[in-house]
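Take a look at the structure below.
The values are calculated or read from the model by the stated rules, or taken from the named source; none is laboratory data. All of these numbers come straight from a predicted model, not from anything done at the bench. Using ideal geometry, Cβ is built from the backbone for each residue, glycine included, and neighbour counts are taken over all protein chains shown. Protein only, heavy atoms only, side chains kept; ligands, DNA and RNA dropped before computing areas. Shrake-Rupley method; radii C 1.70, N 1.55, O 1.52, S 1.80 Å.
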Amino acid sequence: MKKKLLALLIIGSAVVGTSCKKLEKATDQNITLTTADVTLNVASQGVSAQEVTLNSVVATADLDALIKQKASGFGLKNIKSLKIKTLTAEITAGSDATNSFSNLQGISAVLEGAGKTFTASYAGTPAAQTTKINLTVDSSVDLKDILSSASLKYSLKSKVVTALTKNLTVKLVATYDVVVGL
């Protein structure tokens, strides 16, 4: 009798443990977040043979509030994975026929936080008068550690192949795929 009861308890524990894991997975939610625009002011620049930092800015975002807005009952502590989906750069002021992304080659945006970095890039030189570009991102990289930081440093880097004669205002906008759960 004791052996049967012990066997029943073991089987019951296994079923309950498996059910809890299934229930935990069932509570996972996939959400898409768009962060607030990050604005970088790029001063006029002479031609550079090497990559230069056009500008950097430290931005703060209340990621906890963004998650709570999209997935009620979840917050920063519930992030299971956070991967970048898109990153765009757009010149919102200062561009003209001779000042745009076409002055730059090998454009990259670098995100730094919690001692880690992530880089998105645009290879080559954009066509004449290009004011908006989509940077190539590695959507398999989990950025949970970087974005759990209270503030992020955004840097825009590039070679300058044709001198920028005007100051440009560049807006970076990122969207993220986030999985939250218990």
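Observations
- All other residues whose Cβ lies under 13 angstrom from that of Leu168 are scored, Lys and Arg at +1 and Asp and Glu at -1, for a net of +1.
- Share of carbon and sulfur in the accessible heavy-atom surface of the chain [1.4 Å probe, %]: 55 percent
- Surface exposure of the range 97-175, expressed per residue as accessible area with a 1.4 Å probe, stands at 44 Å².
- Based on DSSP H segments of at least four residues, each scored -39500 (n - 2.57), the chain has a per-residue ellipticity at 222 nm of -6500 deg cm²/dmol.
- Residue-normalised convex hull volume from the C-alpha trace of the range 45-86: 136 Å³ per residue.
- Prolate/oblate/rounded label for the range 128-182 (Cα gyration tensor, a/c 1.5): prolate
- Given charges at beta-carbon only (K, R positive; D, E negative), |dipole| of the chain in Debye: 1040 debye
- Taking every alpha-carbon pair within the chain, the share separated by more than 21 Å comes to 57 percent.
- The range 86-154 gives an Rg/Rh value of 1.05, both radii derived from C-alpha positions and Rh following Kirkwood.
- Between helix 2-26 and the chain there is an angle of about 20 degrees, using the helix long axis and the longest principal axis of the Cα atoms.
- In sequence order, calculated HN-Hα J values of the range 81-97 (Karplus, 6.51, -1.76, 1.60; Hz; x Gly/Pro): 7, 9, 10, 6, 9, 9, 9, 10, 10, 9, 7, 9, 7, x, 7, 8, 4
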